[in-house]
Amino acid sequence: MKFGKKKGFFGRLSERIGDVILARPTIDEDLLDDLEEVLITSDIGMETTMHIIEQLRSDIKSERIREPEQVKEQIKAIIAGLIDKGERHKLCQDMPLIILMIGINGGGKTTSIGKIAYKCKKEGKSVMLAAADTFRAAAGEQLEIWGQRVGVNVVRHQEGADPSAVIFDAIQSAKAKNIDVLICDTAGRLQNKKNLMDELTKMNKVIGREYPEAARENLLVLDATTGKNAVSQAKEFNESADITGIVLTKLDGTAKGGIVITIADEFDMAVKFIGVGEGIEDLKEFDPKEFAGGIFD
Ligand code: GDP
């Protein structure tokens with residue numbers, strides 16, 4: 001996996017931690033203070049930084065760390081532990097599966113739907129898309145384009161239609177055609193939280209009533225380049241929907257993947273996929289160990 005290497009967040013963080021360790025040849029509170037500052041100013045967030053520093057302090061006390069040179073490795077191990085959610089990183093393999101894709105406009109929701117549809121199809125599953133973002137006409141059109149690209153059907157109503165009615169129709173069609181994976185786009189208007197919450201509640205109700213036997217995933221799409229904003233979105237959406245995993249987009253280039261650490265730690269959310277480009281194959285399964293290892297490449 002490439003995360004922008006030295007240019008990006010990880011390269012910088014690694015170098016900055018290295019500088020601190022070089023400047024502080026003894027393990028003491030001053031070293032911890034400097035590391036704390038590096039972590040806080042690198043997008044990791046206050047609360048998670050505190051967790052990392054506390055863990056470091058206890059590792060020093062128990063003499064697991066004796067030399068400053070061990071500090072970097074230990075930070076890597078602590079971060080790997082914080083982001084590793086075990087089996088929850090995998091997309092549910094039970095079929096039929098209904099995936100609700102949630103997230104604010106521009107985050108990469110439609111693109112991620114296309115990529116996940118392509119991946120599922122390549123694995124031999126039958127896939128259908130539902131254009132339940134009826135708020136923006138362009139959203140449905142864009143989804144149609146992805147449907148054609150991947151070669152899967154898209155259930156779509158007119159602009160302004162009830163999103164739950166789209167879901168209802170899509171479920172009937174998916175049942176009739178024995179579809180394995182139904183992926184549903186949803187509107188991303190965080191400005192109107194009550195509306196969004198009501199809409200998601202209604203969709204969930206329709207799915208529960210019409211297709212109780214279907215397995216479920218509610219994937220939150222977050223743009224890695226938005227840094228701390230992504231963290232507040234995770235918080236907001238977590239209150240509105242039962243999020244089962246994250247798709248972290250735009251991790252190609254110089255994206256600040258540090259937010260993953262914060263989101264995993266503060267909201268106990270598992271990242272399932274990362275987006276690494278605009279193309280159909282630019283989706284990778286998230287591997288916490290590889291990700292944490294990449295921090296100190
Ligand atoms: P939506 O409004 O959430 O549906 O967002 P879109 O799927 O339309 O994506 C918004 C923009 O981000 C588009 O130009 C996409 O090509 C781009 N995009 C989406 N995912 C990625 C990614 O992983 N990497 C990069 N570089 N661009 C992406």
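The values are calculated or read from the model by the stated rules, or taken from the named source; none is laboratory data. Every value quoted in this text rests on a predicted model; they were computed, and no experiment measured them. Virtual Cβ from ideal backbone geometry, glycine too; neighbours counted across all protein chains shown.
Note on the stretch 115-168: among residues that are within 13 Å of the ligand (Cβ to nearest atom) and of a type in the set (Val, Ile, Thr), the one that is surrounded by the fewest Cβ atoms within 10 Å (Cβ to Cβ) is 145. Looking only at the stretch 73-106, which residues are in a helix (DSSP H, G or I), among the acidic types (Asp, Glu) and within 17 Å of the chain's Cα centre (by Cα)? Selection gives 87 alone. Residues considered: 23, 77. Of these, the only one that is within 24 Å of residue 251 (Cβ to Cβ) and among the small types (Gly, Ala, Ser) is 77.
Could you tell me whether residue 194 is assigned to a helix (DSSP H, G or I), in contact (Cβ under 8 Å) with a residue 12 or more places away in the chain, among the charged types (D, E, K, R) and more than 16 Å from the ligand (Cβ to nearest atom)? In short, no.
When 271, 206 are screened for being under 26 Å from residue 140 (Cβ atoms) and in contact (Cβ under 8 Å) with a residue 40 or more places away in the chain, only 206 passes. Note on the stretch 256-286: among residues that are in contact with a Phe, Trp or Tyr (Cβ under 8 Å, 6 or more places away or on another chain) and within 8 Å of the ligand (Cβ to nearest atom), the one that is modelled with the lowest pLDDT is 274.
Out of all the residues in the stretch 226-236, which are more than 12 Å from the chain's Cα centre (by Cα) and either within 15 Å of the ligand (Cβ to nearest atom) or part of a helix (DSSP H, G or I) (or both)? Selection gives 226, 228, 229, 232, 235, 236. The C-beta contact set for the stretch 79-93 (first residue in contact (Cβ under 8 Å) with a residue 40 or more places away in the chain and within 15 Å of residue 284 (Cα to Cα), second residue aromatic (Phe, Trp, Tyr) and outside any helix (DSSP H, G or I), distance under 8 angstrom, 6+ apart or interchain) comprises 89/286; 91/273. Can you report the number of residues in the stretch 74-114 which are modelled with pLDDT under 95, polar (S, T, N, Q) and within 13 Å of the ligand (Cβ to nearest atom)? Matching residues across the stretch 74-114 total 1.
Of the candidates 93, 74, 55, 70, the single residue that is of a type in the set (S, T, N, Q) and under 30 Å from residue 202 (Cα atoms) is 93. Screening residue 64 with (1) in a helix (DSSP H, G or I); (2) free of Cβ contacts under 8 Å to residues at least 40 places away in the same chain; (3) in contact with a Ser or Thr (Cβ under 9 Å, 6 or more places away or on another chain) gives one miss only, at (1). Would a scan of the stretch 186-200 turn up a residue that is modelled with pLDDT of 90 or more, within 24 Å of residue 269 (Cβ to Cβ) and buried (at least 16 other Cβ atoms within 10 Å of the Cβ)? Looking for residues that are modelled with pLDDT of 90 or more, within 24 Å of residue 269 (Cβ to Cβ) and buried (at least 16 other Cβ atoms within 10 Å of the Cβ), one finds at least one in the stretch 186-200, hence yes. Could you tell me whether the stretch 212-223 includes any residue that is in a helix (DSSP H, G or I) and on the phi < 0 side of the Ramachandran plot? The answer is no, given that none of the residues of the stretch 212-223 is in a helix (DSSP H, G or I) and on the phi < 0 side of the Ramachandran plot. Would you mind stating whether residue 156 is of a type in the set (D, E, K, R) and over 25 Å from residue 284 (Cβ atoms)? The answer is yes for residue 156. Between 123, 159, the distinction of being out of contact with any strand residue (DSSP E or B) (no Cβ under 6 Å at 6 or more places or on another chain), at pLDDT 95 or above and among the acidic types (Asp, Glu) belongs to 123 only.
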